[in-house]
Amino acid sequence: MVTVKDFKNVKDTDFSIEANVEKIKRKIAAAEAQVGVKVPLIINGERIFRDNVISSLNPAQPSQVVGTVSKATKEDAESALNVALAAFEDWSRRSAEERSNVLFQAAKLMEEERLDLAALMILEAGKNYEEADAEVSEAIDFLNFYATVALEMTTEDNKLVRLATEDNRLEYIPLGVGFIIPPWNFPFAITTGLTVSALVMGNTALLKPSSLTPIIAFKFVEIMEKAGLPNGVLNYIPGDSADIGDYLTGHPKTRFISFTGSKKVGLHINELAGKTAPGQKWMKRVNAEMGGKDGIVVDETSDLDYVADQVVQAAFSFQGQKCSAGSRLIVVEQVYDQLVDKVIEATSKLSFGLGKDNHDVGPVIDEKAYNSIQKYIEIGKGEGSLVYGGEVSTCEGYFIKPTIIKDVSSKARIMQEEIFGPVLAIAKAKDWKEAIEIYNDTEYGLTGSFFSQLEERIDYARREMHCGNLYINRKCTGALVGVHPFGGFNMSGTDSKAGGYDYLKLFSQGKLSTVRK
């Protein structure tokens, strides 16, 4: 049997090869030829169209409707929940091998459709080639990794103390129906990871994709169907959070909620889920990843050219629209001016434009984000010195140039609040220990980076920098499934460690059986 030790992350497409560039260009052209597609709900395998729809717009060209999806009503949500409950009776009793095989097959299908999926994300989410392709890789990794872990869990030794007079067995059994709420920034990878982690353990699910990127989520559901997932196990129900979202979160038959998104929404979900509805037999589980205000700490022993490159990648890849994005840079005063100059220089080399032309920096996701980021830039101008960027593009689309604001205090709003855009705030520290104190001065705790060549400082940072994923001498973005289990502390969420071995246990409950010999 394949074990986790045999797992290997799949390779991304190499776009330094011209033939691959030509292939993705053809796929983008094909995706553009199909814009305007009408997408139904999927409940028990049935395609259901509604008059009320959600329009998915291309953030680089908002006049272009990538597609429309039918909007689920409360009645649709109730129907989907009952369907999932019925499907649970069969799916939960299938073997781990059968469930894992569906995931393995889906991974193969995704690899075959890799560039088609990437092309759709380039249009729907404004990603460039590398970001979109890497997201497909991550989705494939989630499928293969979780399928492998599920198989291994059926045979693992749970390290029970043995008695001569008893046979004791600890098994992890499924919970029930889960409500899956993925984000728009990783609309394929996180949608895949949140969903299949629950399904492979024998649960059934209701998937409510982000209203900004619902078309790529529909493609995921189609792939799971093609891979052999039975009808009713996964139901696709786009809709309004205030309508079906709150309804399903508070429903007595919902067993767990898996969410990735903002702090505000995550806390709202946690509050609703914490209330016991009439007829509810369990305490609902909430697995939440709620973002971050991630920081990069640099001491005077670091290679500043290398650091500058890592900072720029962490701050501005996918326009800073990552919960792991390095939006704070904290530098000791000895090398502060030098590093700021190098970061500005590296940022100036980034290309700016359409994702379909594979520019380094493309559009932010929508008008709401566009306006919010501009407001934060204006706030930042009053809290520090604008040294790069700050402009918006005059062309169609939600384009904001990478922006750098230096000489910011640790208490400034742009150092404390998640902006979720291409804005980097830089603060000065008297020494490396103060820099770590500034890093910790936040309500979040998702990712962080520490750059130093001194082992004693690295050991100190490992102990004292409070975050779920700390990276030493590398950028704070780019977690790999199986390699960097991902999740954070405090207002960054429940530290659920997606892509880790123990993650699947969140979607199960331990049952001990004892047989007297």
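Tabulated data
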{"item": "Derived scalar couplings ³J(HN,Hα) [the stretch 284-299; Karplus, 6.51 cos²θ - 1.76 cosθ + 1.60; whole Hz; x for Gly, Pro]", "result": "5, 9, 10, 10, 10, 10, 10, x, x, 10, 7, x, 10, 9, 10, 9"}
{"item": "Of K406/K497; K11/K368; K5/K284; K293/K349, those spanning more than 27 Å from alpha-carbon to alpha-carbon", "result": "K406/K497; K11/K368; K5/K284"}
{"item": "Pairs beyond 21 Å (Cα-Cα), from K8/K322; K127/K475; K322/K475", "result": "K8/K322"}
{"item": "Sites C395 and I472 - FRET efficiency at Förster radius 60 Å, r taken between beta-carbons, to 0.05", "result": "0.90"}
{"item": "Relative contact order of the chain, pairs being alpha-carbon contacts under 8 Å that are 6 or more residues apart, as %", "result": "17"}
{"item": "Entry for log10 I(q)/I(0) by the Debye sum over Cα atoms at q = 0.10, 0.12 Å⁻¹ (calculated from the structure that is shown) out of (i) -0.79, -1.12; (ii) -0.89, -1.22; (iii) -0.71, -1.04", "result": "(i)"}
{"item": "DSSP-loop GluC sites (Glu not before Pro) across the stretch 143-198, with at most 15 other Cβ within 10 angstrom", "result": "E156"}
{"item": "Residue-span extension gain [R26 to E75] - 0.36 nm each, minus C-alpha spacing", "result": "13.5 nm"}
{"item": "Neighbour cut-off at most 13 other Cβ (10 Å), DSSP loop, trypsin sites (Lys or Arg not before Pro), the stretch 1-64", "result": "K8, K11"}
{"item": "Placed amide H near G445: partners under 5 Å, 5+ positions off or other chain", "result": "K293, F489, M491, S492"}
{"item": "Cα-based convex hull volume of the stretch 442-486 per residue, rounded to whole Å³", "result": "79"}
{"item": "Set K27/K356; K275/K511; K74/K226; K208/K263 screened for pairs whose C-alpha atoms are more than 21 Å apart", "result": "K275/K511; K74/K226"}
{"item": "Förster-model FRET efficiency, 35 Å R0, Q338 and K375, C-beta, rounded to 0.05", "result": "0.65"}
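Bear in mind these aren't lab numbers, they're just calculated from the coordinates by the rules spelled out. Computed from a predicted model, the values in this text were never measured in an experiment. Note: ideal-geometry Cβ built from the backbone for every residue, glycine included; neighbour counts use all protein chains shown.
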